[in-house]
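Worksheet: the structure to be examined is printed underneath.
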Amino acid sequence: MRSKKTPPKKVQFDPVYGSQLVAKLINGVMEDGKKTVVAKHVYRAIDIVAEQTKKDGLEYLNEALENIKPTIEVRSRRVGGASYQVPTPIRPERRDSLAVRWLINAAKARGANPYRTLADKLAAEIVEAHENAGAAIKKKLDTHKMAEANKAFAHFRW
């Protein structure tokens, strides 16, 4: 166990929208430290969403991420000689990070079409998540289904 609790990392606010969520999205998509390249893709995705839906892109993104956020997950817990999948509630910070991660992975997994940029894929996934469809929502539902299936082991929670 740790001797002290680690202080939470401070994520800088995004310079264009002034949003921590967009900053987390940019940091999550970033590869090889190319932040400006990724930032252009994320901003373009938000613009595409705004064009398609005729609504504020940032609000739409927040609502989509709210739909993706899971409330409960399973964690392995060793009791006696057996490992059990114990359903546990998720802290708000972890809910945010899981939602962003699942959105990014779902967008990146959308086919290898050379004519679709990351911005297009991200925008499509955001729109689908807002409508409670898509791969990121499926991931959330699978997580909740697993927790529901292992509800009998909830008394092992620590």
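For the reader, a short list of remarks on this structure follows.
- You can think of it this way: the chain between Lys5 and Lys138 has 44.5 nm of extra reach, that is 0.36 nm per residue less the Cα-Cα gap.
- Comparing Cα centroids, region 51-93 and region 123-155 end up 8 angstrom apart.
- Going by neighbour counts of Cβ atoms within 10 Å, the residues Leu103, Leu141 line up, fewest first, as Leu141, Leu103.
- Viscosity 1.306 mPa s, 10 °C: Kirkwood-radius Stokes-Einstein D of the chain over Cα pairs, µm²/s: 93 µm²/s
- Residue with peak Gaussian network fluctuation, the chain [Cα springs, cutoff 10 Å], from Pro92, Pro114, Pro15: Pro114
- Model label zone, Lys34; criterion: amide N under 14 Å from point 7 Å along Cα-to-beta-carbon; scope region 64-106: none
- Choice from Ser76, Ser97, Ser19 showing the highest fluctuation, given a GNM over the chain with Cα pairs closer than 10 Å: Ser76
- Gyration tensor verdict on region 7-50 (Cα atoms; rounded if a/c is under 1.5, prolate if a/b is larger than b/c, oblate otherwise): oblate
- Glu148-Asn113 pseudo-label distance in nm [points 7 Å out on the Cα-to-Cβ vector]: 3.2 nm
The numbers here are math on the coordinates, done by the rules we state, and not lab data. Just so it is clear, the model here is predicted, and its values are computed rather than measured. No Cβ is skipped: glycine too gets one built from the backbone with ideal geometry, and neighbour counts run over all protein chains shown.
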